[in-house]
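The values are calculated or read from the model by the stated rules, or taken from the named source; none is laboratory data. Just so it is clear, the model here is predicted, and its values are computed rather than measured. Ideal geometry is used to build each Cβ from the backbone, glycine not excepted, and the neighbour counts take in all protein chains shown. For accessibility, only protein heavy atoms count, side chains too; no ligands or nucleic acids. Shrake-Rupley method; radii C 1.70, N 1.55, O 1.52, S 1.80 Å.
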Amino acid sequence: MPSTTADIAATVSGAREVFDSGATRPLAARAAGLRALRAMLTENEAAFEAALWSDLHKGSGEAQLTEIGVVLAEIGHALRHLRRWSRSRRGPVPLGLWPARARLVPEPLGVVLVIAPWNYPMQLLLDPLAGVLAAGDTAVLKPSELAPETSALIARLVPAYFPDGTVRVVQGGVPETTELLAQRFDHIVFTGSGTVGRIVMRAAAEHLTPVTLELGGKSPAWFDDDAHLDQAARRLVWAKFTNAGQTCVAPDYVMTTPDRVPALVEALGRAIADLWGSDPRASADYGRIVDERQFDRLVSLLDGTNVVVGGEHDRTERYLAPTVVTLSGDRPSVGPDAAHPVLRDEIFGPVLPVVAVDSAEQAVDVVNAWDKPLALYVFTSSARTRRLFEQHTSSGAVVHDAGLIHVAASGLPFGGVGASGMGAYHGQYSWKAFSHLKPVLRKPLAFDTLRLAQPPFGGFGTRL
Ligand code: NAD
């Protein structure tokens, strides 16, 4: 049920009261919060799986791998490292300030708002939460209204597992989120589209609230590894069609040289059949499109393309087969000026364009002609080509010979750059994003060298 304006204000002030009480600061309380989150997941796995199935036709294996498992790994990582992260550390002091001592003392920020999208409705809400709890903050969670079962389940479970009000949930869509954004937070983590990201950042500016924006865009892939064609194709289709392509870091399109297009297309077709069978609609492991609006958008993207694999669709089920397309024309342009929307807009669904470019260098130019992507995938056996992409493009991350897997590495920062986002989270990077590293200095009064910095200078300036 959507929350009212008064509910929303009370929810946020309630979270602030808990924070101000100091209850979430001790390490023991942070660890207890992380364990409560873990219990919420492990004791309700079946309910989470059912909700994810209902919202997105996410099968149990995929739900475990990409949602429940990812969050549990993040919690485990935080529990293992929490003590080390939270230690205050010695800070350097320049000679001119001696004698003096400095420490860097991490402190929690306060109340963190987490706004999540629908595509990984559990992971993208609860992964940041693990960092919020580790940092000793309190949280207000805003799950996506487009994943209603998962949203309702989280709203029901959170009060039971966090009866002290450390974590609170506000359900709803645009009006509720707008109301939430009018409140003051100490940090906002937003995952979603660039358009809404701008709205969030504007609202945050009113309160000078720092933001972490996890946005989207077109993540490119490059393929030239003839020796590992089938393996690369398997990894490409897995990365692309997991969650029916509704993944922010899914390869949006794959570039290769014109002579490789036929073999790559065939290999992609074989790999799709290997992973989801000859009729993916019957596979318990193949997802559905979140709603009719997205379904219609994706199906209309196929107009004017050559569908070379898949293309079957059924609106009643919101089923769109894993689909590979090519574009007519010698070298179709990719980017903001592309003639076809499939090469211009983020696809965010199970449609993979294979785009012919003359060389890896030209692929680099394609990437650079445009917004910086969230991820870049390179399938090559050439170290020189790997370096070429690493050194001459900018993206949230680069992964060689695979897709998506960097999301599961809690030790690595996850985030975009430029239009694909700002700030990063996961593991220690979450903890950092939701903490303030406060320098604390002490200058003993006894040996008063500060006198040298105080007037009258007698004509001699003193440099510290
Ligand atoms: P979205 O931006 O439409 O919605 C995200 C959240 O914002 C939802 O909770 C929604 O209720 C809220 N919202 C929507 N419109 C709003 C408005 N006008 N004012 C205030 N709040 C509003 O995104 P989506 O459709 O849920 O997700 C798809 C997008 O998210 C894609 O662009 C995708 O690439 C991106 N994404 C990024 C990541 C990442 O980690 N970088 C992960 C998943 C998805």
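The relative contact order of the range 220-408, computed from alpha carbon pairs under 8 Å that lie at least 6 residues apart in sequence, is 29 percent. For the chain, build the charge dipole from Cβ charges (+1 Lys, Arg; -1 Asp, Glu) around the Cα centre, then report which of Pro121, Thr138, Tyr319 sits farthest towards its positive end. Most positive-ward Cα: Thr138. The simple spin-label model puts a point 7 Å past each Cα toward its Cβ; for Val93 and Ser54 those points are separated by 6.0 nm.
Using a Debye calculation, one point per C-alpha and no hydration shell, please list log10 I(q)/I(0) for the range 220-408 at q = 0.08, 0.12 Å⁻¹ in order. One equal scatterer on each Cα of the range 220-408 leads to -0.22, -0.51. In the full protein context, the chain carries 43 Å² of accessible surface per residue, based on a 1.4 Å probe and ignoring ligands, DNA and RNA. Using R0 = 25 Å, the C-beta based FRET efficiency linking Arg202 and Ala6 works out to 0.55.
Applying 1/(1 + (r/R0)^6) with R0 = 45 Å to the Cβ-Cβ distance of Gln231 and Ser13 gives a FRET efficiency near 0.25.
By the helix-only formula, in which each DSSP H run with n ≥ 4 contributes -39500 (n - 2.57) and the sum is divided by residues, the chain has a 222 nm mean residue ellipticity of -12000 deg cm²/dmol. A run of the chain free of exposed loop cleavage sites, with GluC sites (Glu not before Pro) counted only in DSSP states other than H, G, I, E and B and at most 14 other beta carbons within 10 Å, reaches its longest extent at 44-311. Here the Debye sum runs over all C-alpha atoms of the chain as equal scatterers in vacuum, and log10 of I(q)/I(0) at q = 0.10, 0.12, 0.14 Å⁻¹ comes out as -0.77, -1.02, -1.28.
Taking the alpha-carbon distance from Lys240 and a cut-off under 21 Å, which lysines remain once sequence neighbours fewer than 8 residues away in the same chain are dropped? Once the sequence-local lysines are set aside, what remains near Lys240 is Lys58, Lys218, Lys372. What the phi angles of the range 123-131 give under the Karplus curve with 6.51, -1.76 and 1.60, with θ = phi - 60°, is a coupling list of 4, 7, 9, 8, 4, x, 4, 4, x Hz, glycine and proline written as x. For the chain, averaging the sequence separation of C-alpha pairs within contact (under 8 Å, six or more residues apart) and dividing by the residue count gives a relative contact order of 19 percent.
One decimal place: the segment Ser382-His400 gains 5.4 nm when fully extended, by the rule 0.36 nm per residue minus the C-alpha distance.
Only lysines eight or more places from Lys443 in sequence, or on another chain, were considered; those with a Cα closer than 28 Å are Lys432. Taking every Cα-Cα distance in the range 352-397 and sorting them into 5 Å bins starting at zero, the pair-distance distribution P(r) comes out as 5, 20, 32, 30, 12, 1 percent.
Entry note, the range 227-325: relative contact order of 27 percent, from Cα contacts under 8 Å with a spacing of 6+ residues.
Just the number, please: carbon plus sulfur as a percent of the accessible area of the chain, 1.4 Å probe, no ligands or DNA/RNA counted.
55 percent
Only beta bridges with both residues in the range 220-408 are counted; by DSSP, about 25 percent of them are antiparallel. Whole angstrom only: what separates the Cα centroid of the range 128-192 from the Cα centroid of the range 253-289? Their Cα centres are 37 Å away from one another.
Just to confirm the filter: which trypsin sites (Lys or Arg not before Pro) across the range 11-99 are DSSP coil and have at most 14 other Cβ within 10 angstrom of their Cβ?
In loop regions of the range 11-99 (DSSP not H, G, I, E or B), the sparsely surrounded trypsin sites (Lys or Arg not before Pro) are Arg87.
So for the range 335-464, considering every pair of alpha-carbon atoms, how many percent are separated by more than 27 Å? That tail contains 45 percent of the Cα-Cα pairs.
Between exposed chymotrypsin sites (Phe, Trp or Tyr not before Pro) in the chain, where DSSP calls loop and at most 13 other Cβ atoms lie within 10 Å, what's the longest gap?
Between exposed loop sites, the widest span is 1-446.
Residues whose amide H lies under 5 Å from that of Gly91, counting only those 5 or more places away or on a different chain, are Ala102, Arg103, Leu104; hydrogens are built 1.01 Å from N in the peptide plane.
Label positions at Ala263 and Asp337, each projected 7 Å from the Cα along the C-beta direction, are separated by 3.3 nm. Each part reduced to its alpha carbon centroid, the range 349-384 and the range 432-450 end up 48 Å apart. Taking 7 Å steps out from each Cα toward its Cβ at Lys443 and Ala28 produces label points 3.9 nm apart. Residues whose amide H lies under 5 Å from that of Val308, counting only those 5 or more places away or on a different chain, are Val324, Val325, Thr326; hydrogens are built 1.01 Å from N in the peptide plane.
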